[in-house]
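Notes follow once the structure below has been shown.
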Amino acid sequence: MTAQHPTGPARFTGDAHPYAGGDPYADYRTADFPFTHHADLADRRLGAAVVAANDEFFAPRENLLVPGRAEFDPERFGHKGKVMDGWETRRRRGASAGHPWPAADDHDWALIRLGAPGVVRGIVVDTAHFRGNYPQGVSIEGTSVPGAPSPDDLLADDVKWTTLVPRTPVGGHAANGFVVAAEQLVTHLRVNQHPDGGIARLRVYGEVVPDPEWLQVLGTFDVVALENGGRVEDASDLFYSPAANTIRPGRSRKMDDGWETRRRRDRGHDWIRYRLAAEARIRAIEIDTAYLKGNAAGWASVSVSGGGTSGDAGTSGVARDAGVAEDAEWREILPRTRLRPDTNHRFVLPMAAVGTHARVDIYPDGGISRLRLYGSLTEEGEAALRARHQELGG
């Protein structure tokens, strides 16, 4: 059964049908959620982890953050029962034969460390393949604790947790989506399932909010990197893979870990537009085509917008939620340059380029795996970042 939540996307409740063979995803219930264009702050590739859980009898907690969708093997059983690709706890019981049912507030929990601190915009609790053994409901809380706190630290009485998702019924074998309205910095989540059951995957979509003290100490860093607060605003083509792959940590490890467009049959070209961590001076560029061999872009150029027009700081520091106008003035900082397949290309700029946004244009189509823009924040950029961090409770 599908229900519509008054303040969010579609909700799913009730059991799914028992598995009847064939494609296990044929009857999977999902919807288009308005927040999935944001980065997944719980991505293992960013450093996220499930640091503790009160119970993981049937299936380990680490499965919650595994990249990709959950898999199902109907024939796979182990000593503890059916092997599930998710986090699954044992069945709760009551206190006695006179009260064999769990108490109303009984629940299981898991503690999640986000890969990057940020503002959470939406959460997907995916119960794929948990058809009759999913939780009756879920609730999710968030907190901001600096450093690397232990589970005991996070569960201490003095840690303040904010409800991001109130206790809400969920459905089996479904992507249960929740819009989050809390405008605050979050470093850790507490995921509660009431009273017990299994969750296949957890996705936490939001905006990275970097620590300005850390970036100041770094001095020169990748100002477009996802982990430093950069983000993709738009792209001309997302046919094969997300444009956000180009600013993920590390080098690409396979072809679909980059950005690849469909084959063009016109005389146009493809592009990605980025928002930098804040206004910055860019001094060097890397364009990597790792694992793109017969489908790498032939040429690429890089432009910036916003900020000053030279190595000076300029006077146009921007708020973190400000976008760039469609008719913004773009200044080319790397002219159209030949790229080689499966190669990391490095360019040192003759003069620092100041901007708040960047755009990479590829010709005529194909893809790149990573874009790195090395530089440092301007005074205006650093001030804007500090103000936002403080406003969010950092």
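The values are calculated or read from the model by the stated rules, or taken from the named source; none is laboratory data. Because the structure is predicted, anything quoted here is derived from the model rather than measured. In this analysis, Cβ positions are derived from the backbone assuming ideal geometry, glycine residues included, and neighbour counts consider all displayed protein chains. Side chains are part of the model used for accessible areas, which takes the heavy atoms of the whole protein and leaves out ligands, DNA and RNA. Shrake-Rupley method; radii C 1.70, N 1.55, O 1.52, S 1.80 Å.
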| task | Hey, could you check segment 76-92 for residues that are surrounded by 14 or more Cβ atoms within 10 Å (Cβ to Cβ) and touching a Phe, Trp or Tyr at 6+ places or on another chain (Cβ under 8 Å) and say which is nearest to Thr127 (Cα to Cα)? | result | Gly86
| Of all residues in segment 195-235, how many are over 17 Å from the mean Cα position of the chain (by Cα), aliphatic (A, V, I, L, M) and in a helix (DSSP H, G or I)? | 3
| Between a first residue in segment 370-394 that is farther than 22 Å from Arg283 by Cα and a second residue that is modelled with pLDDT of 95 or more and part of a helix (DSSP H, G or I), which pairs have beta carbons less than 8 Å apart while being 6 or more apart in sequence or on different chains? | Arg386/Pro212; His389/Pro212
| remark: The number of residues in segment 121-147 that are touching a residue at least 12 places away in the same chain (Cβ under 8 Å) and either loosely packed, with under 14 Cβ neighbours inside 10 Å or in a loop (DSSP other than H, G, I, E, B) (or both) is 13
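Quick grid of which residues meet (1) open to solvent by 30 Å² or more (accessible area, probe 1.4 Å); (2) at pLDDT 95 or above; (3) touching a Lys or Arg at 6+ places or on another chain (Cβ under 7 Å):
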residue: Met1; (1), (2), (3): yes, no, no
residue: His5; (1), (2), (3): yes, no, yes
residue: Pro9; (1), (2), (3): no, no, no
residue: Phe12; (1), (2), (3): no, no, yes
residue: Pro24; (1), (2), (3): no, yes, no
residue: Arg29; (1), (2), (3): yes, yes, no
residue: Ala42; (1), (2), (3): no, yes, yes
residue: Asp55; (1), (2), (3): no, yes, yes
residue: Pro60; (1), (2), (3): yes, yes, no
| Filter segment 357-384 for residues that are open to solvent by less than 10 Å² (accessible area, probe 1.4 Å) and of a type in the set (A, V, I, L, M, F, W, C); which is nearest to Arg331 (Cα to Cα)? | Ala358
| said: Any residue in segment 82-111 that is more than 18 Å from Asn192 (Cα to Cα) sitting within a Cβ distance under 8 Å of a residue that is of a type in the set (Asp, Glu) and at pLDDT 95 or above? List the pairs, counting only those 6 or more apart or interchain. | reply: Asp85/Glu71
| Which residues, counting only those in segment 214-237, are in contact with a Gly (Cβ under 9 Å, 6 or more places away or on another chain), farther than 20 Å from Trp271 by Cβ and open to solvent by 30 Å² or more (accessible area, probe 1.4 Å)? | Thr220, Glu227
| field | Selection count, segment 166-193, where residues are crowded, with 21+ Cβ neighbours inside 10 Å and either of a type in the set (Phe, Trp, Tyr) or without any contact (Cβ under 8 Å) to a residue 40 or more places away in the chain (or both) | value | 1
| request: Please go through segment 292-351 and pick out each residue that is open to solvent by 70 Å² or more (accessible area, probe 1.4 Å), more than 15 Å from Leu276 (Cβ to Cβ) and at pLDDT below 95. | output: Thr309, Asp312, Thr315, Glu326, Asp327, Glu329
| said: Against the conditions (1) farther than 21 Å from Arg69 by Cβ; (2) in a loop (DSSP other than H, G, I, E, B), where does Trp109 fall short? Just the number, please. | reply: (2)
| query | Given Ser252, Ser301, Ser305, which one is of a type in the set (Ser, Thr, Tyr), under 22 Å from Thr343 (Cα atoms) and over 23 Å from the mean Cα position of the chain (by Cα)? | reply | Ser301
